[in-house]
Structures are given as structure tokens and as C-alpha cells.
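Data first, discussion second: the structure below is written as C-alpha cells.
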Amino acid sequence: MKILIIGAGLTGLSCARELHKQGHDITIVESRAEIGYPQDKPSLITGETDLSNFAPFIHLTDTGCRRPWLAKSMAQHLPITYILRTQASTLTENFDHTIDTTSQSSTKWEGGVTLTGREPQTEIIAHRSDGTVECWTQGTLPDVEGGWLELLSGTFDEENASVDASISRGIELASEPKA
């Protein structure tokens with residue numbers, strides 16, 4: 001079966017991985033120019049998903065990783081077709097089934113990356129092994145000593161923000177019946 005997956009985030013990539021294992025012909029379409037960038041969700045790890053295969057590439061800790069690096073690593077290990085910088089509605093090829101993995105949330109979040117020890121109290125905090133910390137809040141991102149190394153923003157529900165939740169959602173979408 002030829003399946004189109006909309007979105008090359010962790011949800012789309014994990015969905016594609018499951019469907020590829022089942023023998024389907026998978027194409028992922030992504031509106032952005034690069035898989036994993038810009039980062040629009042936290043790199044929080046809850047421990048529900050085994051990421052050990054990707055650990056050398058993503059600065060994995062007990063609470064966080066480099067989410068964009070995980071997405072890129074997953075994509076590199078998937079022998080499927082990627083179409084970047086394209087809206088699904090512009091494709092002319094016919095697919096047997098389409099799965100939209102993009103977020104439908106309207107909850108806006110602001111995030112930043114700082115050094116360990118400089119992180120403010122925010123709703124979501126993910127420590128990475130390279131000495132950096134991601135901090136995410138629904139309010140205004142507070143100032144930190146030395147300034148933020150990187151600013152992030154995204155739209156997501158807190159219960160679906162973790163790396164584990166994104167991967168689980170992709171696996172769930174892959175298991176739904178295909179019409």
C-alpha cells in the first residue's frame with residue numbers, strides 16, 4: 001500500500017518506521033526545509049521509549065536529548081521517500097492512504113536553551129548530556145544569566161510534549177486501520 005505521511009517530526013517518523021516494517025511504500029511530506037529544524041517541541045525524555053539505538057547521536061540523558069538530532073537520526077535510518085518544503089495539498093501523486101501527524105493543538109509555548117545551573121523554574125525542563133538545558137513555559141520566558149543560547153517556540157499540549165509521547169503517537173497512528 002502507498003501511504004503518505006504528513007509531517008516529518010518524531011510522530012511522523014515513528015509512524016513511517018512502523019509502516020515500513022509492515023512492508024508499505026511510505027512517502028513523508030514536510031512543509032519545512034529540514035527535518036528536525038526548527039525545533040518546536042521539547043526534548044524531554046520520560047523513559048517510556050527505548051532510544052538506546054540513537055543514544056550516540058542525540059546526547060541522551062535520563063531527562064532529555066537533542067530532539068532535532070533524534071529526528072535526523074531516525075530519518076537517516078528509514079529507506080523511504082522524503083519531500084521537503086512542500087505542502088501535501090500540492091502533491092499530484094495518488095496514495096492509498098494519508099496520515100496527518102501534525103499537531104492540532106493551540107497551546108503556545110516559548111522555550112530556550114541555557115547552561116546547566118542557569119535554568120529558571122519552568123513547566124518543562126530537559127537536561128542534556130552536553131551541559132545544556134531546555135526550558136519551556138506557556139508564559140514569558142524569563143531572562144537567564146548570560147542570555148539564552150537558543151530561543152525556541154512551538155504549539156503543543158503538555159501531555160504530548162515529550163519525545164516518548166511523540167513516538168508513541170506515531171506508533172499508534174501506524175496501527176490504525178487503513179481504508
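Among the numbered conditions (1) under 16 Å from Asp40 (Cβ atoms); (2) modelled with pLDDT under 95; (3) of a type outside the set (Lys, Arg), the only one that Ala179 does not meet is (1). Search region 84-100 for residues being surrounded by fewer than 16 Cβ atoms within 10 Å (Cβ to Cβ) and of a type in the set (A, V, I, L, M), and hand back the single one that is nearest to the chain's Cα centre (by Cα). Of everything passing the filter in region 84-100, Leu84 is nearest to the chain's Cα centre (by Cα).
Number of residues in region 124-163 that are in contact with a Cys (Cβ under 9 Å, 6 or more places away or on another chain) and closer than 16 Å to Thr63 by Cβ: the value is 6.
Within region 130-147, the set of residues being within 18 Å of Leu44 (Cβ to Cβ) and hydrophobic (A, V, I, L, M, F, W, C) comprises Val133, Cys135, Trp136, Leu141. Of all residues being assigned to a loop (DSSP other than H, G, I, E, B) and surrounded by 11 or more Cβ atoms within 10 Å (Cβ to Cβ) in region 101-113, which is farthest from the chain's Cα centre (by Cα)? Just the residue, please. So, considering only residues that are assigned to a loop (DSSP other than H, G, I, E, B) and surrounded by 11 or more Cβ atoms within 10 Å (Cβ to Cβ), the one farthest from the chain's Cα centre (by Cα) is Thr107. Considering region 17-40, the residues that are closer than 13 Å to Thr81 by Cα and of a type in the set (Asp, Glu) include one that is surrounded by the most Cβ atoms within 10 Å (Cβ to Cβ), namely Glu30.
Report, by residue number, each residue of region 49-100 that is assigned to a helix (DSSP H, G or I) and without any contact (Cβ under 8 Å) to a residue 60 or more places away in the chain. Please lay out each step first, then the result.
In the first step, residues of region 49-100 are kept if they are assigned to a helix (DSSP H, G or I); the result is 55-58, 67-76, 88-90.
Answer for region 49-100, where residues must be assigned to a helix (DSSP H, G or I) and without any contact (Cβ under 8 Å) to a residue 60 or more places away in the chain: Ala55, Pro56, Phe57, Ile58, Pro68, Trp69, Lys72, Ser73, Gln76, Ser89, Thr90.
Looking at region 28-35, can you tell me whether even one residue there is at pLDDT 95 or above, touching a strand residue (DSSP E or B) at 6+ places or on another chain (Cβ under 8 Å), closer than 17 Å to Ala8 by Cβ and part of a strand (DSSP E or B)? There is at least one residue in region 28-35 that is at pLDDT 95 or above, touching a strand residue (DSSP E or B) at 6+ places or on another chain (Cβ under 8 Å), closer than 17 Å to Ala8 by Cβ and part of a strand (DSSP E or B). Among the conditions (1) modelled with pLDDT of 95 or more; (2) more than 17 Å from Leu152 (Cα to Cα), Ala71 misses just one, which is (2).
Looking across Ser14, Ser43, Ser73, one residue alone is in contact with a helix residue (DSSP H, G or I) (Cβ under 9 Å, 6 or more places away or on another chain), surrounded by 19 or more Cβ atoms within 10 Å (Cβ to Cβ), under 14 Å from Gly170 (Cα atoms) and among the polar types (S, T, N, Q). It is Ser14.
The values are calculated or read from the model by the stated rules, or taken from the named source; none is laboratory data. Because the structure is predicted, anything quoted here is derived from the model rather than measured. Note that each Cβ is placed from the backbone with ideal geometry, even for glycine, and that neighbours are counted across all protein chains shown.
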